[in-house]
Every structure is written in C-alpha cells, then in structure tokens.
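Single-structure report; data block below.
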Amino acid sequence: QVQLVESGGGLVQAGGSLRLSCAASGRTFSNYFMAWFRQAPGKEREFVAAISWSGGSTYYADSVKGRFTISRDNAKNTVYLQMNSLKPEDTAVYYCAVRSGDYPKGPYDYWGQGTQVTVSS
C-alpha cells in the first residue's frame, strides 16, 4: 500500500505564506502523479495542483495559479505545496493524493489524512 502523510498546515494571516509537505512511502509506481486537493466546510473536494513524479510537469487550478507552487524532492519522496498570498477562501483541509497513469486528472487511488489550513482576515 501507499502511505501519505501531510504536514505543515496551520493558521496564517491573509497575504501570508505556508508550505505543506507530503511524505510518501510504500508502493512505488514507475509513472505516477502526486496532487493536492482541498475541501472547505460544506463544499466539495476540489483539485488544487498536481505534479508528475518523474518528469516534473505541473498543473494548477485557476484559483491558485500564480500564488501556489507544487514541487517535489525525489530523494526524500516528498511533495510540497508552497502557498503564497493566501486568502481567507483558501481555508480548507488540504489532502495529498497519488495516482498512476499518463494523466494528472482522474481518480486518485491513495489519500493522506489531510492537514488544516486556516487563513484569517
């Protein structure tokens, strides 16, 4: 099985920054994507960003383009989400996920437990 553990969530003021980390362990895929999703209270879970583990190609939701950056450290089996210029609407539980295949969109098979991000005004 694949295990994903998120960390780095917390409370930050609007306009501030936060960096989330997701450490992966267990099953290894030759071609896979890791992604960040988020879910605010009373809302559906939404896609935030994804990265190809081998190639490094990145994908972002329009709502976070220019503010968030997804990156990876292959040696540490860790994916990061650098969040800048945070807004109150970014408040949500952020989840790390992984899927195998040639495309970043579609069903994700493994999920972390999530980490809370709260942006105050």
Reported set for segment 98-118 where residues are among the small types (Gly, Ala, Ser) and in a loop (DSSP other than H, G, I, E, B) is Gly101, Gly106, Gly112, Gly114
Any idea which of (1) under 16 Å from Phe47 (Cβ atoms); (2) open to solvent by 30 Å² or more (accessible area, probe 1.4 Å); (3) more than 12 Å from the chain's Cα centre (by Cα); (4) modelled with pLDDT of 90 or more is the one Tyr103 doesn't satisfy?
(4)
Does any residue in segment 97-121 that is under 19 Å from Lys87 (Cβ atoms) come within less than 6 Å, Cβ to Cβ, of a residue that is open to solvent by 90 Å² or more (accessible area, probe 1.4 Å) six or more places away or on a different chain, and which pairs are these?
Thr118/Leu11; Ser120/Gln13
Could you count how many residues in segment 67-79 are free of Cβ contacts under 8 Å to residues at least 12 places away in the same chain and of a type in the set (Gly, Ala, Ser)?
1
Considering only segment 1-31, how many residues are open to solvent by 30 Å² or more (accessible area, probe 1.4 Å) and touching a Lys or Arg at 6+ places or on another chain (Cβ under 7 Å)?
3
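The values are calculated or read from the model by the stated rules, or taken from the named source; none is laboratory data. The model shown is predicted, which means the values in this text are computed figures rather than measured ones. Quick reminder, even Gly has a Cβ in these numbers, built from the backbone with ideal geometry, and neighbours come from all protein chains shown. Accessible surface is based on the protein model in full, side chains and every heavy atom, while ligands, DNA and RNA are left aside. Shrake-Rupley method; radii C 1.70, N 1.55, O 1.52, S 1.80 Å.
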